[in-house]
């Protein structure tokens, strides 16, 4: 019996050593990405202006990394919180753990190089070589042009520094290991698309604006094949479930009956100051995560290009029930 226990102990010890060695190897091997470039971006007025436009109205960097006022419809950004981070996504909202949105003002990024910021945006790895959770859509930003990417970086440098240290993410097993394998190894800039080719340019804008992410239903984080832009993706909130709209050109359940003018006007209706101050509970049976007040800042030309692109995607007949209340708890809207 003693011999058996001794052998068993040795086997267990060997297994522990093998598992430990495997974990050390895994953590040393992933994320497997290129080192940050040594680029130093020259800031120009044109780059800063372009970066502000993209980060605030297209890529939604400022929307995600600021404090949103959920007492108002569509959660407009609270003035003075631009880039400070602070939002939390947890299991109550359907996330596999707890993810905190990080501070991207110079108070947090001041000691980051331009190359490290570029790597985080496009490959999904931070300064310390840690994988970012893909709620940060680096897989879309990886398709950004060099000029647009550089413009966002120099704009972020101009934000008001706000000290706001955020906790690290806490992911459930096994996702805490899987997430390390997700970052993209390299960034190869996309070639600029001529604005005269409106559908192609609209595809580029829709990609870096992450339209498909919200408007494509997924299962366990994987988009359902054939349902691109067909809506139905669920967002769980304390008061109920919000689902994204079908924005394919389907005439019955999508935006097939919308003209370009109607499409643009829908966004621009949220451009005024009054539109940024609509009480959230004015819509008793419907709420939204859609940051209308930020997208409203897009130019008519760019919105028109996105419309032209959406007219080219596969039409999917998919009627979406936009909102299902859990209980009568609208006053707790996030």
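The values are calculated or read from the model by the stated rules, or taken from the named source; none is laboratory data. This one's a predicted model, so the numbers in the text were calculated from it and none came from an experiment. Backbone-built Cβ (ideal geometry, glycine too); neighbour counts: all protein chains shown.
Just a few scattered comments:
- Criterion (free of Cβ contacts under 8 Å to residues at least 24 places away in the same chain, crowded, with 18+ Cβ neighbours inside 10 Å and assigned to a helix (DSSP H, G or I)) met by exactly one of 206, 120: 120
- Filter result for residue 194 (surrounded by fewer than 18 Cβ atoms within 10 Å (Cβ to Cβ) and either outside the structural domain of residue 57 (by TED's automatic domain parsing) or closer than 21 Å to residue 302 by Cα (or both)): yes
- Residue in the range 160-175 that is exposed (fewer than 13 other Cβ atoms within 10 Å of the Cβ) and touching a helix residue (DSSP H, G or I) at 6+ places or on another chain (Cβ under 6 Å) present: yes
- Apart from one condition, residue 255 fits all of (1) in contact with a strand residue (DSSP E or B) (Cβ under 7 Å, 6 or more places away or on another chain); (2) at pLDDT 95 or above; the exception is (1).
- Among the residues of the range 138-158, those that are in a loop (DSSP other than H, G, I, E, B) and surrounded by fewer than 21 Cβ atoms within 10 Å (Cβ to Cβ) comprise 143, 157, 158.
- Filtered residues of the range 289-314 (kept if modelled with pLDDT under 95 and out of contact with any helix residue (DSSP H, G or I) (no Cβ under 9 Å at 6 or more places or on another chain)): none
- Residue check for residue 208: at pLDDT 95 or above and closer than 22 Å to residue 104 by Cα: yes
- Residue 281, sole failed condition from (1) modelled with pLDDT under 90; (2) closer than 21 Å to residue 208 by Cα; (3) part of a helix (DSSP H, G or I): (2)
- Wholly within the range 1-106, helices (runs of 4 or more DSSP H) carrying at least 2 residues that are over 30 Å from residue 178 (Cβ atoms) and modelled with pLDDT under 95: 2-29
- Qualifying residue in the range 224-231 (condition: modelled with pLDDT under 95, surrounded by fewer than 17 Cβ atoms within 10 Å (Cβ to Cβ) and more than 16 Å from the chain's Cα centre (by Cα)): no
- Of all the residues in the range 209-241, those that are part of a strand (DSSP E or B) and in contact with a helix residue (DSSP H, G or I) (Cβ under 9 Å, 6 or more places away or on another chain) number 6.
- The single condition among (1) part of a loop (DSSP other than H, G, I, E, B); (2) in the same structural domain as residue 86 (by TED's automatic domain parsing) that residue 257 does not meet is (2).
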